[in-house]
Structure formats: structure tokens, C-alpha cells
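Every number in this text was worked out from the coordinates using simple rules, so none of it is lab data. Please read these numbers as outputs of a predicted model, since none were measured by experiment. Backbone-built Cβ (ideal geometry, glycine too); neighbour counts: all protein chains shown.
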Amino acid sequence: MFEQFIEVDKLRIELLTNEDLQMNSEHNQDDVSSQVVLNRIENVILEIVTILSKGEAPVLVLPNRSSWANVSFDMSVGLHMTSGGAVTTVRSDCSSTVTKFGQILKVLSSIYKLVQSNAYATKRDIYYNNTQHFGSQRTVDSIVDDISCMLKVPRRRLHVLATSKGLISGDLCYLEEDGTRVNCHSNSSATPVSSNVVGITNIVSSAKFVLIVEKDATFQRLLDDDVCYKLSPCIMITGKGVPDVNSRLMVRKLWDTLRIPVFALVDADPHGIEIMCIYKYGSVAMSFEAHSLTVPSVMWLGLLPSDLQRLGVPEEALIPLTQRDMSKLTSLKKRPYLACQPVWHKEIEIMQQSKMKAEIQSLASITPDFLSRVYLPNKLRYGGWI
């Protein structure tokens, strides 16, 4: 049934053209060699030494990863960083930035040693090597991303890995870089997303689609209901809320390799919509790696605001929008990618007008197994995505 639907409805599935793929390949910097990384770090240090030799205070100039002024939008790529935008200066002679200056040099030193020796470490390893110096894990996380952006090198080429929080399950087998064979076919437990997605090879799957699930609770319920095989072979993945880089890399890897539809199942609320947009179009903070993180073909399967009235979800299962929710919806409507998604725009307006939101779990108020037994099968059968 689903195989026939895929063949008949191919024109409705939003896939990149060959020209788009070629452009992505040209921008992809995953093939940066270790020597190039070392050279770029050496150039930074040489510049600092040169400035010090002149009796001046060195300054590090970092692209501002939180500014929309540094970001452009392209339908085939999503949000990607442009050159010549806003920058952040980290001075060695300023009391407010001197600590960060030292922290950046410390992390650069660690990265240089890792790349030089062809070893790997997690961001957590770097933090625990000097907890007093960094103060928090979040500081290390941010600095690693700043360095990646400054050097124009994908984070994984810095030999710094992040512990994954995402889970994956379904019709999928692959080979880890260390030779471990991973089988995600279990219908009782999920597989943690790899911490080294780039090193994955030999992907084998007969899945007909990938289903991104926003929340872990919903993911586990669908796993218990054996959705990966009842709907037809598919792959489910969750980033447990706002996705980490590894979860996004994995979705992109699956799409690049399998070329099958990718659907998103998120809450009918501003937070869920934003999470879906991160998978599809990326985020401002990681826009410098958009070409390897975004999947512009992602389709919004549900939960749609228009579904709530159509399905007769009981009012007691709905949640009133807060002022913060309303502000988030207004912000989303101003995002550049909403201009090319008029149907998404209409769904947001439905939510604004109703002043109500709903979690995916609200469907259980109709019948406990409504999501897996009725909602998802009908959505996939009749093309109920946007």
C-alpha cells in the first residue's frame, strides 16, 4: 500500500534537484584534511604571537553566531552563514573577555593535539580536563562551535565529538567507523544515535520513509506499538526535543543515502514548529554548517493545528497559548522560510486565532491508540502532510 502511494505521489514530495545537490557538495567542507586544520590553527597562533611581539594586545575575531544579520536563506540549503557579517571580538586586554580569550586558546591547544595525533575526545573530556578554567560544560560547547566557525572547519574535523542524546529505531543497519555493526531493528528498545555519524558506512535499509518524532515519550509509545513495521518498513528518530547536532547529522545522512521521504511529527505548538524548522532549515547558531545539517525536504506530517478541530480533539485536551507562545508565533511568521511556505503560514494563523495548542499525546483523548492505529496510517495513506 505505502509503496504504491510513494510511486503515485512522488510529485508531491519536496526533493532537491541535481543542481541543488551539486551546489551542496561544492559547499560541503567535510573533506578538509587534518593538515589543513593544523595549518589554520597555526595561523591563528602565529597571528597572536606576531601581535604580542609588537607589544600590542591580541584580539580574536569570531563570526557572530547569534545574529540574523549573518544569515541568508536558500530553499535548497536553509539558513546558511554569509561572509562579511557581524562579528564578536574577544580581546586579551579587556576584563570582560580576557577569560574567554584564554579559554579559546586552551581549547585550540587541545584540538591541535587531537588532530596531530589522530585521536578523538568528547567535549565532556575537554571540560573535565580543566573544570575550574571553563566553569561549565556549556562554555566548552560554545567555544568548540566558535572555533569550528572561525576556522571554517566542520566540528567533526576538529576531532571533538559530542555525546548524542537522540535515539533511532527501525529498518536500518550500518557500520560504525570502528567496524562495529549496528542493527536498529529492535521493536522493544532504541539505538542511541552515533557520536560519529560522519564515520558511518554501509547503510542498509528497505525503509520507505523516515519519521522524525519530537519527543522521547511519543517515540517510545510508537516503538511499543511497533509502528516501524506496521506502517510499512520505516526509520524513526528522535532528538528528544531540540535536536543535537548528531541527530540532525543522522537525518541528513539517511536522506543523502536512502533518498526517501522525511516526515516530522511534532506538537501543535510554537516549540514543536520551531524544532521541525531546525531539522528542515537549520538554526542561526549552526548556520555555518547548514550544508551538512539541514534537510529541506522535511514535510510536516502532524500534529497540525487544523487537525485539532477536524478530529474533534476534546477541549480539555487543549492548552491555552501563553503570551510567550504568541510572541514565538509572531517571530516564526517573520522567518524568511515562512514566506515560501504559505500552507505552514496558514496553520500558524489557525493556532493564533484559536489561541490553543496541543501536544501529540492529546490524540490519546480520542482513543488511547489513535495516533498509531488511525492518525499516522491515514496521514500516510492519503497524503495528509504539508
Sum of -39500 (n - 2.57) over DSSP H runs of 4+, divided by residues of the chain (222 nm, nearest 500):
-12500 deg cm²/dmol
What the Cα atoms of region 156-267 span along the principal axes, largest first and in whole Å, is 39, 27, 24
Pick out, in residue order, every one of the trypsin sites (Lys or Arg not before Pro) in region 302-365 that is DSSP loop and has at most 13 other C-beta atoms within 10 Å; say none if there are none.
LYS355
Give or take rounding to whole Å, what are the principal axis extents of the alpha carbon atoms in the chain, in descending order?
72, 49, 43
Taking alpha-carbon centroids only, region 309-386 lies from region 80-136 a number of Å equal to 41
In this structure, among LYS253/LYS334; LYS230/LYS355; LYS208/LYS346; LYS208/LYS379; LYS152/LYS328, pairs with alpha-carbon gaps over 25 Å are LYS253/LYS334; LYS230/LYS355; LYS208/LYS346; LYS152/LYS328
Which of the GluC sites (Glu not before Pro) found in region 277-386 are in a DSSP loop and have at most 14 neighbouring Cβ atoms, other than their own, within 10 Å?
none
Kirkwood Rh, angstrom, region 32-161 [1 / mean 1/r, Cα pairs]
15.7
